[in-house]
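Chemist: Pasting a structure below so you can have a look.
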Amino acid sequence: TKIDGPGKFEAVSASQLEPGRDVLIYGEFENFLTVRTQDDPGDQPIYSREFSGRLRLTDPEGKILDELDFLPPGRGRQDVQDESEAVNFWARYTIPADLSAGKYTVVITAADLLQKVSAQARLNFKID
């Protein structure tokens, strides 16, 4: 996979996921609460956002087989001068080398820590 910036990435297909392979996880946050944190009229405004991100690898029954907090609470803070600026993230994840043949799901959870809401995305894949 390749990531060049917001909206500019090449996705890996589910058929390319295999044990021991490194993959890049990429996402773009939308509708996050942005709070103005700098109000000095002589300076440009500063807007802040706070978010977290987690990856879970599960089996068909939902049992968690692996987990990665790629953006733990406290690390996902962004200060920007333009409140419309895109919020994106990426992480490198190694699919466990000992994963046996079967069906799996990668679940990405992104949380807006200021609004106290979260969203998930899922990718189902199969190891032959």
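The values are calculated or read from the model by the stated rules, or taken from the named source; none is laboratory data. Since we're looking at a predicted model, the values are computed, not measured. Every residue, glycine among them, receives a Cβ derived from its backbone with ideal geometry; neighbour counts consider all protein chains shown. The accessibility values were calculated without ligands, DNA or RNA, using every heavy atom of the protein model including side chains. Shrake-Rupley method; radii C 1.70, N 1.55, O 1.52, S 1.80 Å.
Chemist: Would you kindly derive the ³J(HN,Hα) couplings of region 84-94 from the backbone phi angles with the Karplus curve 6.51 cos²θ - 1.76 cosθ + 1.60 (θ = phi - 60°), listing them in order in whole Hz, with x for Gly and Pro?
Modeler: 8, 4, 4, 10, 9, 8, 8, 8, 9, 10, 9
Chemist: Another question, then. Excluding ligands, DNA and RNA, what is the solvent-accessible area per residue of the chain at a probe of 1.4 Å, expressed in Å²? Don't skip to the answer; put the middle values down first.
Modeler: Working: 8110 Å² over 128 residues.
For the chain, the per-residue accessible area is 63 Å².
Chemist: Amide H neighbours of Q115 under 5 Å, at least 5 residues apart or on other chains, H built in the peptide plane: list them.
Modeler: L33
Chemist: How much of the accessible area of the chain, probe 1.4 Å, is carbon plus sulfur, in whole percent? Write down the numbers at each step before the final one.
Modeler: Details: 3700 of 8110 Å².
Its accessible area is 46 percent carbon and sulfur atoms.
Chemist: From the backbone phi of region 74-82, what are the Karplus-calculated ³J(HN,Hα) couplings (6.51 cos²θ - 1.76 cosθ + 1.60, θ = phi - 60°) in whole Hz, Gly and Pro given as x?
Modeler: x, 9, x, 10, 10, 10, 9, 8, 10
Chemist: I've got another one for you. Suppose accessible area is computed on protein heavy atoms with a 1.4 Å probe; arrange S48, S84 from highest to lowest.
Modeler: In descending accessible area the options line up as S84, S48.
Chemist: Scan the chain and report its longest stretch carrying no GluC sites (Glu not before Pro) that are both in a DSSP loop and have at most 16 other Cβ atoms within 10 Å. Walk me through the numbers before you get to the answer.
Modeler: Working: sites that count: E30, E61, E83, E85.
No qualifying site falls inside 86-128, the longest such stretch.
Chemist: Karplus couplings for region 19-29 from phi (6.51 cos²θ - 1.76 cosθ + 1.60, θ = phi - 60°), rounded to Hz, Gly and Pro as x?
Modeler: So the Karplus estimates, Gly and Pro as x, are x, x, 7, 7, 10, 9, 9, 10, x, 10, 7 Hz.
Chemist: Among (i) 118; (ii) 107; (iii) 129, which one is volume of the Cα convex hull per residue in Å³ computed from these coordinates?
Modeler: The value computed from this structure is option (ii).
Chemist: Here's a follow-up. Leaving ligands, DNA and RNA out of it, work out the accessible area of L65 with a 1.4 Å probe and give it in Å² to the nearest 10.
Modeler: About 70 Å², rounded to the nearest 10.
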